[in-house]
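To keep things clear, I will list the structure first and then write my remarks on it.
Each value in this text was obtained by applying a stated rule to the coordinates, not by laboratory testing. Nothing here was measured: the structure is a model prediction, and the numbers come from that model. Cβ atoms come from the backbone with ideal geometry, glycine included; neighbour counts cover every protein chain shown.
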Amino acid sequence: MTEQGRSLPSRAVQNSLGGDASIPSIPPASTLRILSFVYFTFISYLSIGLPLAVLPLFVHQRLGYSAAIAGLVISIQYVATLASRPWAGRISDRAGAKVAVLWGMAACAVSGALLIVAASCSEPRISLSVLVLSRLVLGVGESLGSTGSTLWGITSIGPTHTARVISFNGISTYGAISLGAPLGVVIERQWGLGAIGLLILLLGAGSLVLASRKRPVKVASGEHLPFLRVMFRVAPHGLALALGGIGYSTLATFVTLYYLSRHWDGAALCLTAFGVSFIAARIIFIQAINRFGGFPVATACLTVETLGLILLWRAGQPSTALAGAALAGFGFSLTFPALGVEAVKRVPMQNRGTALGVFTAFADVSFFLTGPLAGAVIGLWGYPSAFLAALLCVLVSLGIVLTLRKSRKPQPEHL
């Protein structure tokens, strides 16, 4: 893969990303070096994906609780993630990204141990309580692990590669969940839920050892901005991300039922088309963010996503929906890293962990709220209307990006 650091003057790019011009030139980062940091994000989300498809059945059939309670057990992890994102960012800024990753891996290991206890407990109420605790701990581990590993990668490799680190971090996220869910089903069928807990425990503990042996990075010096100031500076970018992500959330949540309502086969192919085009675009075009800037890339991506959602909304046959899903995945692929690069420019170096935490929290809100809101829209106007609503949200996101691009002002490092 051609690396942008080979062709752009290091100091100029560092300044454009809010870096210090006094920092010496940083050698081009290898893909393997980036992967050595985003690996910890992969473990965090693999720990989420492994029990994802089996917990609802365990709560509903094994413990005897309602489907609503089963859904709550899944959702409560995202609540913990959302609530702890800003805190994880502040830990990364003040104590160091390595500390955040160490805590995150430890939390994943603890959640696995609690899952073993929940699976082996014969009393449903105790089992459910321990299971909820496991999900809460895992949510905090996700925040610490993913935020810390992203900042660790950026600060270790250099600001010239911010977009690449964020991009590979996203690939790790979606790839881990896609791998973990079916793998968890296989493990549960062979050895039970406790075996999934044991695997999560071993993955977390092993990754904790690996993280402890990696070199930490120096915590950026300087006065830290108050949290509310960081939040307000990053919020417009986060809102654009949240609205732009509604298309993905709608597709992931309702495409199976959408196909069923049309008496079509192949809903899984629709998700595959989204995922393949998403990953391909991130790998092939990630250098475009350094070359053209975050806002131009986000504008182009959201435009492509709108075309995909139009096809999904108006699809009269499965092939049209398949093409729409592929376009939506291609369009959404670089939206996160493109807006993320612009968001971290808005704060000094010593606040970038907090900025990343706040920015990512907007995506968490989007994923958490899309299900019930889109479900309400479907109840009123049918399944195609959900994609129309998602289309309108992406158009609003595009408007926000264009406004931010027009009003952008350079932010000095000493803010």
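Qualifying trypsin sites (Lys or Arg not before Pro) in the stretch 267-365, where qualification requires a DSSP coil assignment and no more than 14 other C-beta atoms within 10 Å, are lacking entirely.
Sparsely packed loop sites in the stretch 257-354 (the chymotrypsin sites (Phe, Trp or Tyr not before Pro) outside DSSP H, G, I, E and B with at most 16 other Cβ atoms within 10 Å) comprise Trp264.
Using the reciprocal of the averaged 1/r over all distinct C-alpha pairs, how large is the Kirkwood radius of the stretch 46-133 in Å? Let's see the in-between values first.
Details: mean 1/r = 0.0706 Å⁻¹.
It is 14.2 Å.
Helices in the chain, meaning DSSP H runs of at least 4 residues, each add -39500 (n - 2.57). Divided by all residues, the mean residue ellipticity at 222 nm is -27000 deg cm²/dmol.
Take peptides 300-306, 152-158, 119-125 and line them up by average Cβ neighbours within 10 Å, highest first, as a rough protection proxy.
On the way: 300-306: 22.6, 152-158: 25.3, 119-125: 12.9.
Averaged packing, sorted descending, gives the order 152-158, 300-306, 119-125.
Give the distance, in whole Å, between the Cα centre of the stretch 373-396 and the Cα centre of the stretch 65-104. Rounded to whole Å, the Cα centres lie 28 Å apart.
What shape does the chain take by its C-alpha gyration tensor, where a ≥ b ≥ c are the square roots of the eigenvalues and a/c under 1.5 counts as rounded, a/b above b/c as prolate, and the rest as oblate? Oblate. Per-peptide packing, taken as the mean over residues of other Cβ atoms within 10 Å, places 135-146, 234-245, 79-90, 395-406 in the sequence 135-146, 234-245, 79-90, 395-406 from highest down. Here each label is just a point 7 Å from Cα along the line to Cβ, and for Leu373 and Gln61 those points are 3.4 nm apart. For the pair Asp265 and Arg125, label points projected 7 Å from Cα toward Cβ lie 4.9 nm apart. With both labels modelled 7 Å from their Cα along Cα-to-Cβ, the Ile74 to Ala53 distance reads 1.2 nm.
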